[in-house]
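Here's the structure we're looking at; comments come further down.
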Amino acid sequence: MLPNRIYIIFKAAALLLLLCMAAPAFSQHLHGQVVDPQHTPIVGANVIWQGTTTGAVTDGNGNFGLSYADATTASIVVSFIGYRPDTISVAGKELITVVLQPATNIKEVVVEGQLQRLSAISPANSQLITNRDLEKSACCNLAESFETNASVEVSTTDAISGAKQIQMLGLDGAYTLLTTDNIPTLRGLATPYRLNYLSGTFIESIDIIKGMGSVLNGYESISGQVNVKLKDPDKTERLYLNLYGNSRAKFDANLNLSAQVTPKWSTVLMLHTDHLGNRVDRNNDGFMDLSLGTQYNVYNKWKYEHKDVMSEFGVNALQETRLGGQMEYEKREPEGPNQHFGTESGTDRISFYNKSSYTFPGKPYQSIGLITSAAHHKFNSLFGRRNYSGEQNSTTARLIFQSVIGHTGHTYKAGLSYTHDDYSERLSDTSFARTEQVPGAFLEYVYNNSKNLTVVAGSRVDLHNMYGTVFTPRLNVKFDATPNTIFRVAAGKGFRVANPLAENTAALVSSRRFVFREALQPEQAWNVGGSFTQYFELGGRPGAFITDYYYTTFQNQVVADMYSTPQLIAFYNLKGRSFSSSFQAELQYEALKGLEVKTAYKYYDVKSTYNGQLEQRPMIPQHRFFVNLGFATPFDKWRADLTTQYFGLMPLASMEQQHNADLSMRNSDQFFVLNGQITRALKRWDIYLGGENLLNYRQPSPILGAGDPFGPNFDASMVWGPITGRIIYAGLRFKIN
């Protein structure tokens with residue numbers, strides 16, 4: 001069946017290619033590599049168009065790409081701490097190599113990049129996870145791509161289904177806008193397993209933006225944006241093979257193939273499959289520690305470039321099946337006294353996007369572009385004796401015009417957008433359906449005095465067919481007090497329509513009943529915050545100190561109340577306060593040549609009003625520590641990485657508690673998680689060996705009432721720590737550049 005589906009997908013891709021041959025596109029691009037005098041690639045160098053704040057950060061091979069549409073002059077500025085910045089004319093060039101010379105004094109350096117790829121040119125508080133960072137851990141999928149980054153947490157939602165979610169600024173992943181190549185994706189009903197739907201081998205880099213972000217990407221972002229940049233057809237390896245296996249008998253196979261088909265056309269085909277068929281129960285509670293599953297994932301991207309025209313489109317098809325539950329559970333067991341508890345899910349997804357634009361001749365600062373996307377997502381799942389199924393069909397379109405006001409110190413982007421979402425869900429005998437149609441308009445103005453101040457002010461107005469007019473203002477300000485001292489301030493509003501079933505599937509793995517007390521209204525929140533960044537040199541080696549604080553307050557929120565009454569989860573609109581305070585302090589330093597140290601402390605104060613009482617939100621630690629050590633020998637022949645995380649106490653809402661006036665709660669334990677990996681690089685091969693949860697810490701009794709899974713006290717949703725114990729893995733990568 002699968003080969004027929006793949007044949008249909010590629011046939012559709014070929015047809016789409018013919019349809020898009022005449023599509024206008026973005027603009028001609030400049031590609032290059034930044035190296036030191038020994039021609040060793042420099043990772044994390046900043047390359048920006050002179051006189052602008054638009055640029056790129058070099059990847060794990062020192063490569064970068066820029067669009068001439070963003071240029072105001074035909075010169076670029078290249079910089080990296082410890083090296084002298086250089087201004088280079090690139091008129092008429094498409095491919096260059098930049099050699100940076102070591103600096104003898106840090107004062108000679110205009111610092112715009114740093115360890116761990118901190119962005120010093122972005123007005124927003126942004127960090128970049130490069131391809132090299134991704135290779136520091138297994139990174140089989142997006143869920144495992146944040147292990148060496150302190151800004152984003154990934155947690156398991158329950159002890160049976162295998163679903164994971166991210167957290168940012170103390171808020172659930174639903175409040176973080178996930179985009180691929182700056183196109184919103186994996187929204188709505190895809191939320192429960194969306195981190196598994198992007199293979200790590202598809203990813204070139206990940207940009208993490210705290211705060212509201214740009215109005216160009218819509219109104220849904222509240223806590224931040226995670227933008228996943230996928231492999232670029234004309235910059236990625238000609239061949240990339242990755243094979244992975246671990247001690248739980250999970251196997252991954254990945255193959256990327258790219259080709260320059262003609263001087264104007266390039267393509268990349270990315271294939272991924274993974275399989276886990278081994279049943280393991282190390283804590284002897286009668287349930288599998290990990291859900292079984294198989295996934296097939298195909299992604300094909302095409303790119304066209306010619307003079308002032310560029311077009312890019314891609315198609316993605318995915319099929320996944322999962323099975324979890326008791327060790328003896330078999331698929332679709334009949335109901336009865338001897339029935340075992342199990343979870344099942346089957347997902348079929350196909351999506352498509354196109355990005356096209358035209359740059360006006362003689363005006364590299366002025367362009368017009370069209371971005372469109374479409375997705376079909378369908379799933380069927382079973383949680384014990386409850387069936388949950390759904391289907392989502394979505395289309396989006398954005399028309400963007402970019403130009404200047406007088407000169408390039410004043411630029412703006414204006415445009416129109418349209419979003420169509422058609423949802424249908426069914427939980428047991430209850431159906432839920434809605435259709436959202438949202439036309440909108442947006443304007444974003446950028447002021448840059450070319451010295452030390454950048455202001456980005458934007459707003460959008462959307463006409464929601466169900467909820468009326470939605471106004472979304474946002475502001476980002478960046479001030480460079482010195483070349484090494486940067487202040488940022490951000491404020492804005494977010495709006496989103498919640499999907500309470502898809503966003504709370506963990507509660508389905510329990511005996512809780514789902515109760516909707518009233519018609520749910522859209523969620524609205526304000527986010528205000530800022531950051532301080534100080535670059536420094538100590539003992540001749542570079543470092544950076546970063547601290548930030550963000551406060552999010554909800555005007556309305558869909559409350560998922562598991563506190564007030566045992567044995568149910570009640571959904572209702574917020575009546576009272578709900579807020580999140582997030583503080584983070586981070587220190588990065590090159591302690592020795594080749595040894596990078598990153599340490600961070602995070603404090604969260606996240607509260608919501610439950611049944612008239614303000615309480616800490618469950619499953620969120622108030623205190624968290626993070627330490628990452630990365631070491632590489634000259635020429636990267638050996639690389640080693642070690643990450644330690646400490647998680648403080650978390651409040652829990654237990655099925656066993658009794659209803660009382662003060663809603664008293666129990667807490668989780670405190671614990672540490674240690675991950676590590678070592679890599680040996682050969683000519684074209686990388687061989688890696690690593691371990692997750694090396695201290696073998698496991699949450700005691702992650703499943704409450706495991707002996708009676710259909711009884712009133714069964715609950716597998718209170719997962720606050722690791723449940724699988726130590727995992728050892730190994731793999732190899734083969735590349736032809």
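Any read-out appearing in this document is the output of simple, stated calculations on the displayed coordinates, not a laboratory observation. Everything numeric in this text was worked out from a predicted model, so none of it was measured. All Cβ positions, even for glycine, are placed from backbone atoms using ideal geometry, and neighbour counts span all protein chains on display.
As a test, work out the antiparallel percent of DSSP beta bridges whose residues both lie in segment 2-736, rounded to the nearest 5.
Once the DSSP bridges in segment 2-736 are tallied, antiparallel ones form about 95 percent.
Which aspartates and glutamates have a Cα lying under 12 Å from the Cα of K164, excluding residues fewer than 8 positions away in the same chain?
E144, E153, D172, E503
In Å, what is the Rg of the alpha-carbon atoms in segment 589-727, and how long is Dmax?
20.5, 67
Based on other C-beta atoms within 10 Å, arrange E312, E330, E220 from fewest to most. Please report the intermediate quantities before stating the final value.
Working: E312 24, E330 10, E220 21.
By the 10 Å Cβ count, ascending, the order reads E330, E220, E312.
Using the structure shown, list the pairs from K598/K683; K210/K303; K637/K735 with a Cα-Cα distance above 26 Å, or answer none. Intermediate values should be presented prior to the final figure.
Details: K598/K683 29 Å; K210/K303 30 Å; K637/K735 15 Å.
The pairs that break the limit, which is 26 Å between Cα atoms, are K598/K683; K210/K303.
Test of understanding: what is the full-extension gain from A481 to N465, defined as 0.36 nm times their sequence separation minus their Cα-Cα distance?
In short, 1.2 nm is gained.
From zero up to wherever the largest Cα-Cα distance of segment 490-602 sits, split into 5 Å bins and tell me the percent of pairs in each.
Calculated P(r), rounded to whole percents: 2, 10, 15, 13, 12, 11, 10, 9, 7, 6, 4, 2, 0.
How big is D for segment 550-598, in µm² s⁻¹ as a whole number, if Stokes-Einstein is applied with the Kirkwood radius of its Cα pairs at 25 °C and 0.890 mPa s? Kindly include the intermediate steps, with their values, before the conclusion.
On the way: Rh = 14.7 Å.
The diffusion coefficient I find is 167 µm²/s.
Net charge within 11 Å of G369 by Cβ-Cβ distance, Lys/Arg positive one each and Asp/Glu negative one each, not counting G369 itself?
Every neighbour counted, the sum reads +2.
Could you work out the local net charge near N354, counting Lys and Arg as +1, Asp and Glu as -1, over the other residues with Cβ closer than 14 Å to its Cβ?
The answer is +2.
In straight Cα distance, which lysines are under 21 Å from K413, not counting same-chain residues fewer than 8 positions off?
K355, K363, K478, K493
Are any of the pairs K93/K264; K229/K593; K235/K451; K301/K378 more than 26 Å apart by Cα-Cα distance, and if so, which?
Beyond 26 Å between Cα atoms: K229/K593; K235/K451.
When Lys and Arg each count +1 and Asp and Glu each count -1, what net charge do the other residues less than 15 Å away from R332, Cβ to Cβ, add up to?
In short, -1.
Over all alpha-carbon pairs of segment 389-486, lay out the pair-distance distribution in 5 Å bins, whole %, shortest bin first.
Per 5 Å bin, starting at 0, the Cα pair percentages come out as 3, 11, 15, 14, 13, 11, 9, 8, 6, 5, 3, 1, 0.
Can you give the extra length, in nm with one decimal, that the chain gains between Q567 and D422 once fully stretched, where that is 0.36 nm per residue apart less the Cα-Cα distance?
49.0 nm
Dividing the convex hull volume of the Cα atoms of segment 552-636 by its residue count, what figure in Å³ per residue is obtained?
Convex hull of Cα atoms, per residue: 134 Å³.
Using only alpha carbon pairs under 8 Å that are at least six residues apart, calculate the relative contact order of the chain and give it in whole percent.
11
Going by how many other Cβ atoms sit within 10 Å of their own, how do M562, M288 line up, fewest first? The partial results should precede the final answer.
Details: M562 26, M288 23.
By the 10 Å Cβ count, ascending: M288, M562.
Could you please rank D59, D348, placing first whichever residue has the fewest other Cβ atoms within 10 Å of its Cβ? Present the calculation step by step, with values, prior to reporting the outcome.
Details: D59 25, D348 15.
Least crowded to most crowded, the residues run D348, D59.
Taking Cα centroids, how far is segment 347-381 from segment 516-563 in Å?
Distance between centres, Cα-based: 29 Å.
What's the Kirkwood radius of the chain in Å, using all Cα pairs?
Hydrodynamic radius (Kirkwood, Cα pairs) of the chain is 26.6 Å.
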